[in-house]
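A.B. asks: The structure under discussion is supplied below as structure tokens; questions concerning it will follow.
The values are calculated or read from the model by the stated rules, or taken from the named source; none is laboratory data. Just so it is clear, the structure is predicted and the values come from calculations on it, not from any experiment. In this analysis, Cβ positions are derived from the backbone assuming ideal geometry, glycine residues included, and neighbour counts consider all displayed protein chains. We work out accessible area using only protein heavy atoms, side chains counted, and drop any ligands, DNA or RNA first. Shrake-Rupley method; radii C 1.70, N 1.55, O 1.52, S 1.80 Å.
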Amino acid sequence: MHISEMFRLVRGTGHILDVLDVLHRDQVALRIHDGAFSAMDLTARHPRTGELLSTVKFMVRTLAAAGELQRDLQRELTYDGLRAAEAKFNKGGRRPAIPADETDSVRTAYLDGHSIASLTREHDVSRGAVRTVVADLLPEHTPVDPDAPTPELPVVPDMPGKVADFLRATDLEPAERAPLDQGVTVRRGQGYTLRVSATPAVHRQLLARCQPLGGTPGTSAVPAQRKARREYASRVSTLGTTTAP
């Protein structure tokens, strides 16, 4: 695997050093085979401490930061180009196969009984292009209810590690267990946080599950656990207005 592909795959999945720990655990070496850093082993560790070499840490973080910078610059340039096109009243995207001035005639012909196959031959376009123009006229079309509630989108707040440890040992419903098992571990000093992608409703359910961390009548709560639950509760309380990243 090329080094740029590796960083592209792990981008957004957590700390890059966590990936190297997994490679070390599975006894997989990662080396750069060409370019300015050829023959460098990105999984090289100190023979006595077993920790990643400081030069490896520096190089990995530098490459990851450079990749992140490149992505951000490309995104900014794309947005700048879109804004410049909008200022010139240019609409981006692929041009429709059936021009706008012909869509009314296609829809009228379909309502008059012309089949999609005949319209495809007449306009020399694909069946998909014709179906796109007459999508709301097709028998299988389901109208959108404007009064229907908008479905919740997944959000990804950081769950404190002590909360995650408690929930992993708790009897959870499958809908609660799945996002917890799929969470991404992020190192935070001596501890960690878990990035859990789930709807706000599921996060509120998980918060309710860890209620014992706040202490129960007649018992004393562990301060670190109480603080962790309070942090998670603060993040969950803001999810009502949070959209998916």
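A.B. asks: Can Ala208 be described as open to solvent by 30 Å² or more (accessible area, probe 1.4 Å) and modelled with pLDDT of 80 or more? Break it down stepwise before answering.
C.D. replies: Details: open to solvent by 30 Å² or more (accessible area, probe 1.4 Å): yes; modelled with pLDDT of 80 or more: yes.
Yes; evaluated as a whole, the condition is true for this residue.
A.B. asks: Quick check on Ser220: is it modelled with pLDDT of 90 or more and open to solvent by 60 Å² or more (accessible area, probe 1.4 Å)? Outline the logic, then answer.
C.D. replies: Values: modelled with pLDDT of 90 or more: no; open to solvent by 60 Å² or more (accessible area, probe 1.4 Å): yes.
In short, no.
A.B. asks: Filter segment 51-81 down to the residues that are open to solvent by 90 Å² or more (accessible area, probe 1.4 Å) and farther than 26 Å from Asp21 by Cβ, then identify the one that is modelled with the lowest pLDDT.
C.D. replies: Tyr79
A.B. asks: Can you find a residue in segment 220-230 that is of a type outside the set (Phe, Trp, Tyr), under 16 Å from the mean Cα position of the chain (by Cα) and over 27 Å from Val22 (Cα atoms)?
C.D. replies: Residues of segment 220-230 of a type outside the set (Phe, Trp, Tyr): 220-230.
Subset that is under 16 Å from the mean Cα position of the chain (by Cα): none.
Checked against the condition, which is being of a type outside the set (Phe, Trp, Tyr), under 16 Å from the mean Cα position of the chain (by Cα) and over 27 Å from Val22 (Cα atoms), segment 220-230 yields no hits at all.
A.B. asks: Can you tell me which residues in segment 165-177 are within 20 Å of the chain's Cα centre (by Cα) and open to solvent by less than 40 Å² (accessible area, probe 1.4 Å)? Please lay out each step first, then the result.
C.D. replies: Keep residues of segment 165-177 that are within 20 Å of the chain's Cα centre (by Cα), which gives 175-177.
The one that is within 20 Å of the chain's Cα centre (by Cα) and open to solvent by less than 40 Å² (accessible area, probe 1.4 Å): Glu176.
A.B. asks: Within segment 185-201, identify whether any single residue is farther than 21 Å from Val22 by Cα, out of contact with any Ser or Thr (no Cβ under 6 Å at 6 or more places or on another chain) and modelled with pLDDT under 85, and answer yes or no.
C.D. replies: no
A.B. asks: Would you check if there is a residue in segment 90-99 being surrounded by 13 or more Cβ atoms within 10 Å (Cβ to Cβ) and modelled with pLDDT under 85? Walk me through it before giving the result.
C.D. replies: Quick first cut of segment 90-99, residues surrounded by 13 or more Cβ atoms within 10 Å (Cβ to Cβ) only: 96-98.
Checking the rest, the ones that are also modelled with pLDDT under 85 come to 96-97.
Yes - at least one qualifying residue is present in segment 90-99.
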